[in-house]
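So the structure is just underneath, and the comments pick up after that.
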Amino acid sequence: GRLEGLPGPVHLIGSVKLAMGSLQFDGTQHPDRWRIDLADLKLGRSRLSARGALSRQSDAASQLTVQGVVRPADLETLPWIHHRLLGSWDIDGEFAFQSRVTGSLHDWRQLQAQGIVAAETFTVEQVSGRLLRVEVDQDRGRLTARLVNATVADGRLTGALVLDRREIPHKWMLEADWMQANLAHLSEAIPAWKDRRMQGSLTMHMSLMQ
């Protein structure tokens, strides 16, 4: 909503109770921007905290810093999250998240953003992993996500995804390397492979682009 007819900046403090947590807010409305001193979301075991300034003018830049720990299962309780998208991947774990966004929120192509996602342990479709680190960079329509490290089935997994939306049609590139994955561990985690008693190691390189 909007607040009008009040002299000077308006300071707002509030909290909202959610089904599995709460949202707290402390900020100030200025004529040209919202200054966010505190915006904390608690949801189950997930915690997100945001600070910064959101411009109310289309030609001015905003600055926002977000950090916290997220469990995908907690996000499914939010009404604006697409449940089928999360549920179809069966992802579990606690993911530490840091991000800084700068630029106009009215034109995402001009945004600059950097972020890091990390997890000590995680599972995807019953396959367990550890020591995950992903670095994300968005620069004026070009998104790069670098998988710096992940250990899956005792093998090191690295790679990168680049999505360029500056031209039509959009261009993308995906590269991944999986070194010395233990096939016996994979066969134990994948139901269709459990009776095959696979042994040995797997090393592979994948490169796709459009």
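Below are the figures for this structure:
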| item | result |
| --- | --- |
| In the range 164-208, the residues that are surrounded by 14 or more Cβ atoms within 10 Å (Cβ to Cβ) and touching a helix residue (DSSP H, G or I) at 6+ places or on another chain (Cβ under 6 Å) | 187, 193, 198, 202 |
| Inter-residue pairs, beta-carbon under 8 Å, first among the hydroxyl-bearing types (Ser, Thr, Tyr) and in the range 173-202, second assigned to a strand (DSSP E or B) and surrounded by fewer than 16 Cβ atoms within 10 Å (Cβ to Cβ), 6+ apart | 201/180 |
| Options 127, 148, 136, 117; residue that is in contact with a helix residue (DSSP H, G or I) (Cβ under 9 Å, 6 or more places away or on another chain), aliphatic (A, V, I, L, M) and either surrounded by fewer than 17 Cβ atoms within 10 Å (Cβ to Cβ) or within 18 Å of residue 95 (Cα to Cα) (or both) | 127 |
| Strands (runs of 3 or more DSSP E) contained entirely in the range 14-56, each with at least 2 residues that are out of contact with any His (no Cβ under 6 Å at 6 or more places or on another chain), of a type in the set (S, T, N, Q) and under 17 Å from residue 100 (Cα atoms) | 46-55 |
| Residues (open to solvent by less than 50 Å² (accessible area, probe 1.4 Å) and either part of a strand (DSSP E or B) or hydroxyl-bearing (Ser, Thr, Tyr) (or both)) located in the range 102-114 | 102, 103, 104, 113 |
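The values are calculated or read from the model by the stated rules, or taken from the named source; none is laboratory data. Please read these numbers as outputs of a predicted model, since none were measured by experiment. Don't worry about glycine lacking a Cβ; one is built from the backbone with ideal geometry, like all the others, and counts go over all protein chains shown. The accessibility values were calculated without ligands, DNA or RNA, using every heavy atom of the protein model including side chains. Shrake-Rupley method; radii C 1.70, N 1.55, O 1.52, S 1.80 Å.
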